[in-house]
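Undergrad: Take a look at this one; I'll ask things after.
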Amino acid sequence: MKSLLEVLSDEVGAAFEKAGYRREAGNVTLSNRPDLCEFQCNGALSLAKEAHKAPIAIAEEVAGFLIENPCFSEAAAVKPGFLNLKLSGEYLVGLLNSMKAPDFGYENSGEKQCIILDYGGPNVAKPLHIGHLRSAIIGDSIRRILSFAGHRVIGDIHLGDWGLQMGLIITELKKRKGGLPYFDESFDGEYPKEPPFTLSELEEIYPTASLKAKEDEAYKKEAMEATLDLQHGRKGYYVLWRHIMNVSTEDLKRNYRNLNVEFDLWKGESDADAYIPKLVEKLKESGQAYESQGALVVDVSEEDDKKEIPPCMILKSDGAALYTTTDLGTLMQREEEYHPDRIIYVVDKRQALHFEQVFRCAKKTGIVPESMRLDFLGFGTMNGPDGQPFKTREGGVMRLEALISDVNANMLEKMCVDGVELSEKEVRETATIVALSAIKYGDLSNQASKDYVFDIEKFTSFEGNTGPYILYTIVRIKSILRKHAEAGGSLEKIKILPPESGQEKALMLKLTQFSATVHTAAAELAPHKICAFMYEIANEFNRFYHETKILSEENNERKQSLIGLITLTREILSTCLGLLGMEAAEKM
Ligand code: ARG
C-alpha cells in the first residue's frame, strides 16, 4: 500500500500536471505549521523560475484543480507560493475504517527477504550483564519489525561458547576436582550424567579463574592449552564443555524469557568450528590468505580507506582460531544452510572494526556472494547517571538480573503508593510488566548507535516519554472500553464517522501514519521511530480524551464512532508495543 503522503503527492502531482506543470512538483509533506494546515506542498516555489511566473500565481492555478478533489477539505494558495492542505473528514475516516488487524494497512511492497539477525551474543558461563541487555532488546525488536514487514527473519543468539573462558573453567575445575574422569585422558568408561557443578558454582568459578589468569602466567598458559585441547576435540573436555553449556544455557533461557526476548536459533561460536578447515582451505585457494610471522592473514584494506584497516587474522601462529575465524566460519555455515539475502549484526559499536574486517574478508574471498547484504548495527553504551558505563553501587559490573530487580522494586513502590483496585498478586504481576516496559522503552527510544543514560527515576515515571506512560494510556483506553461493554455497549463492527473537533482529527491523522512509520523503522532498522510514534499517539489521545465526552455522549451513532476511534488507537498502540517486544497491562 502506498503511504498517505505518496497518495496525496499523486493527487497534487496530477493537479500540477493539469495546470501544465511538472508532476514531480506535487510532492506533499507534513505541514510545518500545524496551526494553519495539515499537509503542504512547496512545488510552486521551485517552478517559478522555469515557468517565468510568480509562485503564488502557480499555486493558485493548482489550487483551482484541487477544489473538487475529495481527498481535501481545503487547498489554499498562500504567499509566497505554498499550497496549504487539509484532509477531508470523509476521506480520512475512509482510511481509518480500512485499517484492520493484523497489519492495519501495512503491506510489504518490496521483495520478501531471508534475513539472519545476530544478536544477544552472551558468553556461556559468564553471568549476563547489562552490556548484553542492549543487544537483546534492540535485536529482538528488529526481529519483530522485520517479520511484521513480511520478511523471513531468523534470529540467532550466537553464543560465545568456544573461547578462553571455557579453558579457564576447565582449568579451575581441574584444580578443584582433579580426580574427575574428564581430566583422565586414558579414561574410556561412561562419564557421569550429572554436571560436576551447580549454576552458582559455575558462576563463581569463572571470575575466580579469570582473576587467577590475570595474576599468574602459568595458570593462563594452562587455560590456553585447555582451550586448544577442547577445540581439538579432547573427549573428556568436550563432555565437560557440554555440561557447562547445559547448565549455562538453561539459565540464559530463563533470563531471556523474563525479558520477553526470543531466538530462533541457539547456535554459537562452537558451531563454526567444523567449518574452520574448509574455511582455511577456501581462503588459501582464493589466493588471498598468506603467512605473516607464522600467522595466517588476509589483507582487507582498500584504496580509499580514510583510516587504516589492519589485515584479518585467521589463525594464530600456534594454529588457534580467533574471534574473526569463528565469525567467518559462521558466515560460511549461514550461507550453506540458509542462503540469506542479508545478515544483520546487533553488537556493541566498539566492535565496528572487527565486523568491517570480517565483511570485507568474506566478500573478497567469496565466502559469501557479492549480493549478500551484511550490516553492522552498532549500539552505544548504557551509562549511569555519572555519564560513565553503568556500574553497581560498589563499582562492579552490573548483572542484568540485579538491574531488573531494582527496576521491579522501584515500580512496585510507585504502584503501591498510587493504590489501585488490584490484589497484591495483580500488583506484583503488573509491576513486572510495567518495569520491563520502563527498561525496554528507556533503551529503544534512543537511536541505537547513541550512548544513553539509564535513569531509573525517569524511565519508571508515568509521565513523559516513557514506557509506563504508554502503558498507562493503553490501560486508560481499555478501562473506557470495559465500562462501555459493561453498560451493554457494543464493540463490534463499528464505523468511525468524520471528526467533530480539531483534536479528534489530530488523533485520526496521527493513526494514519502507522504504515509509513513501520516502513521507515524497518528500512532504517530504527525501533526508536516506533517509540516516537507511540508517544505522539499517546499525547494526541490524552489531549483528545480531556476535551471529549465519550461514555456520556448522548448521540448513539457518535458514541459508537468514538468507541471505534479509541479501539483503533488501542490496537495501533498495542501493535507497536508488540513490535518492540513489550506488552500492556490490563489495569494499573
Ligand atoms: N559474544 C560477543 C561479546 O560478548 C558478542 C557476539 C556478537 N556476534 C558475533 N557474531 N560476533 O562481545
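Undergrad: Of the listed peptides 7-17, 494-504, 153-163, what is their order by residue-averaged count of other C-beta atoms within 10 Å, with the highest listed first?
TA: 153-163, 7-17, 494-504
Undergrad: Let me ask you something else. Normalising by the residue count of the stretch 1-101, find the relative contact order in percent from Cα pairs under 8 Å and 6+ residues apart.
TA: Here the relative contact order equals 22 percent.
Undergrad: List the aspartates and glutamates whose Cα lies under 15 Å from the Cα of Lys493, skipping any in the same chain that are fewer than 8 positions away.
TA: Straight-line reach from Lys493, under 15 Å: Glu557, Glu571.
Undergrad: Sticking with this structure for a sec: Simple spin-label model, 7 Å along Cα-to-Cβ: Lys235 to Ala274 in nm?
TA: 2.0 nm
Undergrad: Report, to one decimal in Å, the Kirkwood hydrodynamic radius for the chain based on all distinct Cα pairs.
TA: 27.7 Å
Undergrad: Tell me which lysines have Cα within less than 19 Å of Lys193's Cα, excluding those fewer than 8 residues away on the same chain?
TA: Candidates past the 8-residue exclusion: Lys174, Lys177, Lys235.
Undergrad: Could I ask something else about it? Taking a cut-off of 20 Å between Cα atoms, list the aspartates and glutamates near Lys79, but don't count ones fewer than 8 places away on the same chain.
TA: Asp35, Glu38, Glu50, Glu60, Glu61
Undergrad: State the volume of the convex hull built on the alpha-carbon positions of the stretch 447-487, expressed per residue in Å³ and rounded to an integer.
TA: Enclosed volume per residue, from the Cα hull, is 71 Å³.
Undergrad: Relative contact order of the stretch 46-163: what whole-number percent is it, with Cα pairs under 8 angstrom and at least 6 residues apart?
TA: Once divided by the residue count of the stretch 46-163, the mean separation gives 20 percent.
Undergrad: If you don't mind, there's one more thing I want to ask. Could you work out the Rg to Rh ratio of the stretch 321-468, with Rh taken as the Kirkwood radius (inverse of the mean 1/r over all Cα pairs)?
TA: 1.13
Undergrad: May I pose another question? By counting other Cβ atoms within 10 Å of each Cβ, how are Val93, Val453 ranked from fewest to most?
TA: The order, fewest Cβ neighbours first, is Val453, Val93.
Undergrad: A further question follows. To the nearest 10 degrees, how steeply does helix 502-511 sit against the main Cα axis of the chain, on a 0 to 90 scale?
TA: Around 40 degrees separate the two axes.
Undergrad: Quote the convex hull volume per residue of the stretch 115-213, based on C-alpha atoms, as a whole number of Å³.
TA: Residue-normalised Cα hull volume stands at 141 Å³.
Undergrad: Can you list the residues, at least 5 places off or on another chain, whose amide H is less than 5 Å from the amide H of Gly268, using H built in the peptide plane?
TA: Residues meeting the amide H criterion: Leu159.
Undergrad: Let me have the relative contact order for the chain, percent, based on Cα pairs under 8 Å that are six or more residues apart.
TA: Relative contact order here is 14 percent.
Undergrad: Continuing with the same structure: Non-local amide H neighbours of Arg373 (under 5 Å, H modeled in plane, Pro and chain starts lacking H): which ones?
TA: Correct list: Arg342, Ile343.
Undergrad: May I ask for the angle, rounded to the nearest 10°, between helix 352-364 and the longest principal axis of the chain, with both axes built from Cα atoms and the value confined to 0 to 90°?
TA: Value to nearest ten degrees: 80.
Undergrad: While we're on this one: Going down the table (Lys100/Lys478; Lys391/Lys440; Lys175/Lys214; Lys212/Lys450), which pairs top 27 Å between alpha carbons?
TA: Result: Lys212/Lys450 exceed 27 Å.
Undergrad: Report, as a whole number in µm² per second, the diffusion coefficient that Stokes-Einstein gives for the stretch 251-315 at 37 °C and 0.692 mPa s using the Kirkwood radius over alpha carbon pairs.
TA: 217 µm²/s
Undergrad: If you bin every alpha carbon distance in the stretch 67-142 into 5 Å steps from zero, what whole percent lands in each bin?
TA: Spelled out bin by bin, the stretch 67-142 gives 3, 11, 10, 10, 10, 9, 9, 9, 9, 8, 5, 3, 2, 1 percent.
Undergrad: In deg cm²/dmol and to the nearest 500, what is the mean residue ellipticity at 222 nm of the chain if only DSSP H runs of at least 4 residues count, each as -39500 (n - 2.57), divided by the residue total?
TA: Calculated at 222 nm, the ellipticity per residue is -17000 deg cm²/dmol.
Undergrad: If you don't mind, another one. Going by amide H atoms built from the backbone, whose H comes under 5 Å of the H on Asn123, apart from near neighbours?
TA: Those qualifying (amide H under 5 Å, at least 5 residues apart or on another chain) are Gly160.
Undergrad: Could you list the residues of the stretch 456-494 with an amide nitrogen less than 20 Å from a label point located 7 Å from the Cα of Ser552 in the Cα-to-C-beta direction?
TA: Hits in the stretch 456-494 for Ser552 at 20 Å: 476-489.
Undergrad: May I ask you to evaluate 6.51 cos²θ - 1.76 cosθ + 1.60, the Karplus curve with θ = phi - 60°, for each residue of the stretch 534-539 and list the ³J(HN,Hα) values in order in whole Hz, giving x for glycine and proline?
TA: Couplings: 4, 5, 5, 4, 4, 5 Hz.
Undergrad: Let me check I've understood the local charge: for Lys510, count other residues with C-beta under 9 angstrom from its C-beta, Lys and Arg +1, Asp and Glu -1. What total comes out?
TA: Once positives and negatives cancel, what remains is -2.
Undergrad: Using θ = phi - 60° and the Karplus form 6.51 cos²θ - 1.76 cosθ + 1.60, what ³J(HN,Hα) does each residue of the stretch 83-98 get, whole Hz, x for Gly and Pro?
TA: For the stretch 83-98, the Karplus-derived couplings read 10, 9, 10, 10, 6, 6, x, 4, 5, 4, 6, x, 5, 4, 5, 8 Hz, x marking Gly and Pro.
Undergrad: Out of all Cα-Cα pairs in the stretch 286-390, roughly what percent, to the nearest whole number, are more than 21 Å apart?
TA: Counting every Cα pair in the stretch 286-390, those more than 21 Å apart make up 42 percent.
Undergrad: Quick one: Lys478, Lys177, fewest Cβ neighbours within 10 Å first, how do they rank?
TA: Ranking Lys478, Lys177 by Cβ neighbours within 10 Å, fewest first, gives Lys177, Lys478.
Undergrad: Continuing with the same structure: I need the P(r) histogram for the stretch 386-515: all alpha carbon pairs, bin width 10 Å from 0 out to the longest distance, whole percents.
TA: 10, 30, 29, 21, 8, 2
Undergrad: Right, something else. Distances over 22 Å make up what percent of all Cα-Cα pairs in the stretch 1-86?
TA: The proportion of pairs with Cα distances above 22 Å equals 14 percent.
Undergrad: Using the number of other C-beta atoms within 10 angstrom as an exposure proxy, rank Glu250, Glu74, Glu203, Glu190 with the fewest first.
TA: By the 10 Å Cβ count, ascending: Glu190, Glu250, Glu74, Glu203.
Undergrad: Residue-wise, which Karplus ³J(HN,Hα) couplings in Hz belong to the stretch 228-241, taking 6.51 cos²θ - 1.76 cosθ + 1.60, θ = phi - 60°, and x for glycine or proline?
TA: Taking θ as phi minus 60°, the curve returns 5, 4, 4, 5, 8, x, 4, 4, x, 5, 5, 5, 4, 4 Hz for the stretch 228-241.
Computed from the coordinates by the stated procedures, all read-outs in this text should not be read as laboratory data. Keep in mind that this is a model prediction, so the values were computed, not measured. Please note: Cβ atoms are built from the backbone with ideal geometry, for glycine as well, and neighbour counts cover all protein chains shown.
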